[in-house]
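> Let me begin by handing over the structure; questions about it come next.
The values are calculated or read from the model by the stated rules, or taken from the named source; none is laboratory data. From a predicted model like this one, the values you see are computed outputs, not experimental measurements. When we count neighbours, we look across all protein chains shown, and the Cβ atoms used for this are built from the backbone with ideal geometry, even at glycine. When the accessible area is computed, the model is the full protein with side chains, heavy atoms only, and any ligands, DNA or RNA have been set aside. Shrake-Rupley method; radii C 1.70, N 1.55, O 1.52, S 1.80 Å.
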Amino acid sequence: MKNFTLHIPTRLIFGRGAIASIGTEIARDGHKFVLMIAGGGSIKRTGVYEQVVESLRNNDRRWEECWGVQPNPTLSKVREMIAQARRLGVDAVLAVGGGSVIDSAKAVAAGYYVDDVWELFEKDEPVNRALPVYTVLTLSAAGSEMNPYAVITNEAEKKKWAIGGPALYPKASVVDPSVQVHLPWKQTVNGAVDSLSHIMEHYFLGGGETTLAYDESLMRTIVQVTDRLQQAPTDYDARASLAWASTLALNGISGAGLGDGDWTTHALEHGLSGAHPEIAHGEGLAVLFPAWILYCQDANPALFARWAKAVWGAASVQDGVSAYRAKLRSWGAPITLKELGIKREELKELAELAWGVGNHGVVKPLEPEDFLRILELAFE
Ligand code: NZQ
Ligand code: ZN
């Protein structure tokens, strides 16, 4: 087991009715004027918006709104919102939405203090200064509500890259699973697949029995509660269990003692959805993770076999991967790049874009041509 430091400074307020506390959380820290950042309008349909503004009003907080963050959020939108934040002189940022909205808010918070926010992505250094970030999560998937990362696409250069650092932990995040009961099924699946993938990016490093056993339990739970939600999408307990598992999958605990993660599959996926913003992060991961497992299993055959048995009750890695793909199919997720509309001729460029993302090849050292091989394995 490796040494680790665990410090998660985010206050997490979880449960039915929790959105009413967002104004109190902001007031508690003394912030008076926030930029509320949102996506395409789902928060108006789900009643989340009304709950947020009521809470801000009840706590005498001023706010301005910025709408229109898209899934696979873009650098141009982030730049536009930074300009707005500066013009208004806000003292905090409030994200109301899924991972794309939260990541955009974090990028705005960090970009507020530098000439051009993309410099932070190019530099790849920890972000130590940012406006305070608050979040109201409406889709459990990315884990951004309780972690220090943000992923943004520079659409002109097809670069979907990340920043991270202590200043990017939200000060407080509110998760009310009941606002997710009407999520389109596809989004629920994308969230489950992303959460499973965050655990697996750490799990296959191996090393600490406590964390490995914890991760196995978390993975089994995600599969079980997603099955339950397929039968009964309004099952609050299943929804809440998936939401909490999703936060736990990427808030530092699932990798404690194992290391900082492998992240090859995420690099491959960010290459993919950076070039094809119409592809959701969870869809890309559904296609790519099984291929990565097949390609890298020889790095630690015993651990990959343990995963197959513990999560899927399978006798071999191949059977475990088949069981995972069958489960993805039963959930309606894609399992090949071809289904996602990718052409074979594109694979080389996608491998190069993914290689540029950085952070990869820890479980098994990989060269650029290995990236191409993994994409080929995922193709059809
Ligand atoms: O834009 P709106 O109208 O809000 O609609 C969204 C969006 O269309 C909709 N939605 C959200 N909550 C809803 C809802 N629809 C109905 N009811 C609700 N309660 O869902 C759609 C997808 O939202 P998005 O935020 O894009 O999804 P997700 O949360 O999966 O975030 C994906 C982004 O997070 C990044 C991904 O790469 C991707 O860009 N990631 C961020 C990470 C991080 N910060 O740590 C790590 C992850 O590995 C990931 O890379
Ligand atoms: Zn992810």
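> Kindly list the number of the only condition in (1) touching an Asp or Glu at 6+ places or on another chain (Cβ under 9 Å); (2) under 30 Å from Arg11 (Cβ atoms); (3) within 13 Å of ligand 1 (Cβ to nearest atom) that fails for His270.
(1)
> Related question: In region 154-167, what count of residues is obtained for those that are among the aliphatic types (A, V, I, L, M) and within 14 Å of the chain's Cα centre (by Cα)?
2
> Among the residues of region 181-203, how many are charged (D, E, K, R) and away from ligand 2 (no atom under 12 Å from the Cβ)?
1
> Which of the residues spanning region 268-284 are open to solvent by less than 20 Å² (accessible area, probe 1.4 Å) and of a type in the set (Gly, Ala, Ser)?
Of everything in region 268-284, those that are open to solvent by less than 20 Å² (accessible area, probe 1.4 Å) and of a type in the set (Gly, Ala, Ser) turn out to be Gly271, Ser273, Gly274, Gly282, Gly284.
Table: residues versus (1) free of Cβ contacts under 8 Å to residues at least 40 places away in the same chain; (2) open to solvent by 20 Å² or more (accessible area, probe 1.4 Å); (3) of a type outside the set (A, V, I, L, M, F, W, C).
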position: Asn154; (1), (2), (3): no, no, yes
position: Lys159; (1), (2), (3): no, yes, yes
position: Gly165; (1), (2), (3): no, no, yes
position: Val189; (1), (2), (3): no, no, no
position: Ala192; (1), (2), (3): no, no, no
position: Leu196; (1), (2), (3): no, no, no
position: His202; (1), (2), (3): no, no, yes
